[in-house]
1. Would you tally the residues in the range 338-357 being part of a helix (DSSP H, G or I) and either of a type in the set (S, T, N, Q) or modelled with pLDDT under 50 (or both)?
2. What is the residue count in the range 140-168 for residues that are small (G, A, S) and either touching a residue at least 40 places away in the same chain (Cβ under 8 Å) or in contact with a Gly (Cβ under 7 Å, 6 or more places away or on another chain) (or both)?
3. Working only within the range 287-328, note down all residues that are assigned to a helix (DSSP H, G or I), open to solvent by 30 Å² or more (accessible area, probe 1.4 Å) and not hydrophobic (A, V, I, L, M, F, W, C).
4. Within the range 8-37, restricting attention to residues that are of a type in the set (S, T, Y) and more than 18 Å from Q125 (Cα to Cα), which residue is surrounded by the most Cβ atoms within 10 Å (Cβ to Cβ)?
5. For the range 78-155, please list each of the helices (runs of 4 or more DSSP H) lying entirely inside it that holds at least 1 residues being more than 30 Å from Q67 (Cα to Cα).
6. Just to be sure I understand the filter: pairs with C-beta atoms under 9 Å, separated by 6 or more residues or on different chains, first member in the range 38-57 and among the hydroxyl-bearing types (S, T, Y), second member at pLDDT 90 or above. Which pairs pass?
7. Within the range 269-287, can you find the residues that are touching a helix residue (DSSP H, G or I) at 6+ places or on another chain (Cβ under 6 Å) and not acidic (D, E)?
8. Any residue in the range 131-139 that is among the acidic types (D, E) and free of Cβ contacts under 8 Å to residues at least 40 places away in the same chain?
Amino acid sequence: MFEELITTYKRLEKARRPPSEILDSLVQLVPKGITSQDVRRFLEDGDESNSIAAVWVVYAAILAISQDTRDSTENGADDTTTLTEIADRISAIILPLCTGALDDDTTYYAALQRKGDVGLQALKQLTKLPPKEPLQLPTSVLLRVTAFTDPADPWTTAASSALAKTLLSPLETQQQRAQLTRLIVDEILTAFLRPLFSKSRPATVTASGRKAEFVETSRYDTVDHETPETKPWKYAHRYATTVFAWAVQHADPPLLQTHWPLFTPALLTLLDEPQSSAVLKARSLTVFRAFWARCPAGLMRDTGLAPVFEQAVFPAVLSLPGLTPEDESLLILRAAYPALVEMAGLEYTYLPDGGSDAREGLGTGDGEGGDGDGDGGRDRSTAQKQLRQITEAQRTLLDKIIREGVMVGYHHAKEHVRLVGLFCETLVCIVNGMGILAVKHLKDLIPMVSEIMADPFGTKHPPTLHSALNLLQAILSACWPRIPHHCDEIIKALTLCWLNIDDEESFQAGDPNATALKARLAETADMLSAVMRAADIDLHDRVEMLVEREPQLSKLFRACTPRPESK
């Protein structure tokens, strides 16, 4: 019955006909009176080598059945058991199984994309066959559908990602909340992910997902860890990371409160993976950030896992140029620093390159020991968040981020301007969050900002100068009582940066980059003047000789007018 359809598909595919023409031709060839039982039997007897052809034929058959005007009972369209079996078989065929390792990938992704596109369309059409109400796909099918939810995956297209999200969207309703919980807890975390990550679990966590009080030698320590058997999630089942990410994104605080041990083994395995690519490392950090934001307040601290996660995340900030290419370093650090800052209970508001937040509006950390506060964090204003008390554990982590993260990275890679900009913006978030507590770091931060702004080549990359000015303004706002001790260094930085802009040959008259930078510099000088007035110090006395020697600086220090003499 289906041989002619298979042959026709192969002929049209070889001729590289467009998908719409292939589908129309196949639908016209579907035998009259075909039923869902016929489709099921075809899939049961199908040849795996013709899986793409089989999916196309099934899709055409489902369309033909849906277009049949006869009674639905006669053609078997209301046989939900049969339709469920068809859906299960289709989802198994389109599953994106890869070949080779990440560094030696031999997967033919074009074939996986084609199967995914057509198979998901077939599943969507299948849900419309029952005449009374849409077919509810079983959790085993929905699990396979989640493998196509991230359009960044090489086996996923924008179309297949949209289809996957459409098929999963009914789970987001309150009526389907129980099915969503079963899908995440029973199907994804327990039945699917636990076996995949069991042989590569780090020793810091037990098999049950709790902190290991005494690190014991694993029975797998004598086994080669870089094999498809020990790490199937890095080889054939690479889609496991996408499935796990989807589960984290759709887990709410009550679910995490009850089932958090099911998340931690896979999460720590991904974070601790020593030979992961930059893309996998950044993705693991993004998934962790989403997990942390959804955790109920204090949960990770109470379970003892907060320091375990800190130890797993922190090494990522040392992925610096020299051992790591700059582009990969930037990718990893843009994911690592937000995770660490939010573990310390602050909000990371910097959106690199004008992009959107990776967590899609998730709440930020606010837990007592550096934990997230889940949905509660989204309901509070930024001002309220900054006014909260910073705990000792959070303050210790913030100090570590500055001293052992940002400052080490800056001194190691200061010639990489994009990384320097990222360091500055990270410090902006920390300084704004710490407030006056950041004064202990001024001895490191002020020289760093001064060096960036005084660099004669800094004008070649204006975004980095803007980031440095953002940091300087944050320091002036948060640490103003101690600014008079660093006033001369700040004046030097502002002056040299202004003069470098005037000397920059690439800036033509009226250049918007130069105009914007000068406006920010003058604004910063105004802030410095206000801080000095509050300390009863006349800034004019310090800049008067500079303006006399370089008259153009009068526009920079516009607020520094002589103090009127008292009579």
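1. Summing the residues that are part of a helix (DSSP H, G or I) and either of a type in the set (S, T, N, Q) or modelled with pLDDT under 50 (or both) in the range 338-357 gives 3.
2. The total comes to 5.
3. Listed by number, the residues that qualify are R294, R301, D302, P307, E310, Q311, P315, E326, D327, E328.
4. By that ranking, first place goes to Y9.
5. 109-126
6. Listed by first residue and then by second, the contacts come to S51/I93; S51/I94; S51/A111; S51/K115.
7. T269, L270, L271, A278, K281, A282, S284, L285, T286, V287
8. Looking for residues that are among the acidic types (D, E) and free of Cβ contacts under 8 Å to residues at least 40 places away in the same chain, one finds at least one in the range 131-139, hence yes.
The values are calculated or read from the model by the stated rules, or taken from the named source; none is laboratory data. Note that this is a predicted model, so its numbers are computed, not measured. A quick note on method: Cβ atoms are made from the backbone with ideal geometry, for glycine too, and the neighbour counts reach across all protein chains shown. Areas reflect the complete protein model, heavy atoms only, side chains present, ligands, DNA and RNA absent. Shrake-Rupley method; radii C 1.70, N 1.55, O 1.52, S 1.80 Å.
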